[in-house]
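What follows draws every value from the coordinates through simple rules; no lab data is involved. No experiment lies behind these values; they were computed from the predicted model shown. Here Cβ is always computed from backbone atoms with ideal geometry, including for glycine, and neighbour counts include all displayed protein chains.
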Amino acid sequence: MNPEQIAAYIQAGSLLLAAGGALVSDVKAMFGAAPAMTEDALNEILAGIEADAERRRALAQGDAGEAPGASATGGSSQG
Amino acid sequence: MKRFILIGLLVASAGCASLPVKQQATEKLVATERLLATAQDTERALCSPTADKSKPITHCDGSVAATVGLTDARHQATASAFAIAFTAQVKAATALRAWKAGDPPPTDVATLSADITAALTLAKQLSGSPDVQKIATTLQQAIDTVTAVLSSLGGK
């Protein structure tokens with residue numbers, strides 16, 4: 001894959017995810033090639049997942065009538 | 001913006017079978033996050049389609065909510081299950097960040113599957129409608145994706 005192709009894939013993938021309407025499975029169908037990523041880059045993505053999940057947890061807790069920031073550990077994730 | 005570029009690079013890499021294990025697992029965890037988010041958004045829209053998407057919904061006023069049995073109490077119970085599932089998602093992402101090749105699969109990834117299953121059980125208590133079906137299907141896909149994460153990491 002040449003740099004222009006990589007740049008195009010990054011732009012297309014970023015736009016799709018930023019729009020919030022595409023699942024990764026949808027994106028998979030569009031992209032076939034695979035640049036390997038560094039450990040640091042993967043960890044940054046995982047940090048992004050954590051931040052998004054934290055935000056959604058807070059929203060769910062609000063819906064559930066639980067105190068914001070309360071520990072949602074009533075299920076099997078406890079401990 | 002940098003994060004979107006990194007995620008874009010990740011999804012652009014999704015088709016390669018020879019990717020490092022951690023990259024495959026991260027890609028699947030991104031998919032799980034998006035599936036969970038879709039299920040949460042669908043349930044909230046079913047409960048109250050006109051509600052502010054960034055604010056808590058304490059009362060289901062949607063016309064479809066009543067017909068599928070999505071009472072305020074069920075919405076609260078489902079939201080509580082989502083809160084637990086997203087807590088598990090945070091833990092799984094944290095554990096995967098610390099994970100190194102050769103380590104056993106993080107236990108937090110395994111519990112994520114169980115917590116999403118709890119949310120799925122609640123969703124199945126609702127009557128059938130396209131939106132309810134979408135919630136259930138999306139949660140099942142999330143469970144399957146977590147299973148794939150574990151498989152990537154050498155687990156069952």
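Taking 22 Å as R0, compute the FRET efficiency from the Cβ-Cβ separation of B:D103 and A:R55 and round it to 0.05.
0.20
Can you list the residues of region B:21-46 with backbone N under 14 Å from a point 7 Å past the Cα of A:E39, pointing along Cα to Cβ?
B:21-23
Let's test the formula: R0 of 22 Å, r as the Cβ-Cβ distance of B:H59 and A:A67. What FRET efficiency results, to the nearest 0.05?
Efficiency at R0 = 22 Å is approximately 0.75.
Take each complete run of DSSP H in chain B, measure how far its Cα atoms stretch along the helix's own axis, and keep only those covering 27 Å or more with mean Kyte-Doolittle hydropathy at least 0.0; list them.
The qualifying helices are B:72-98, B:130-152.
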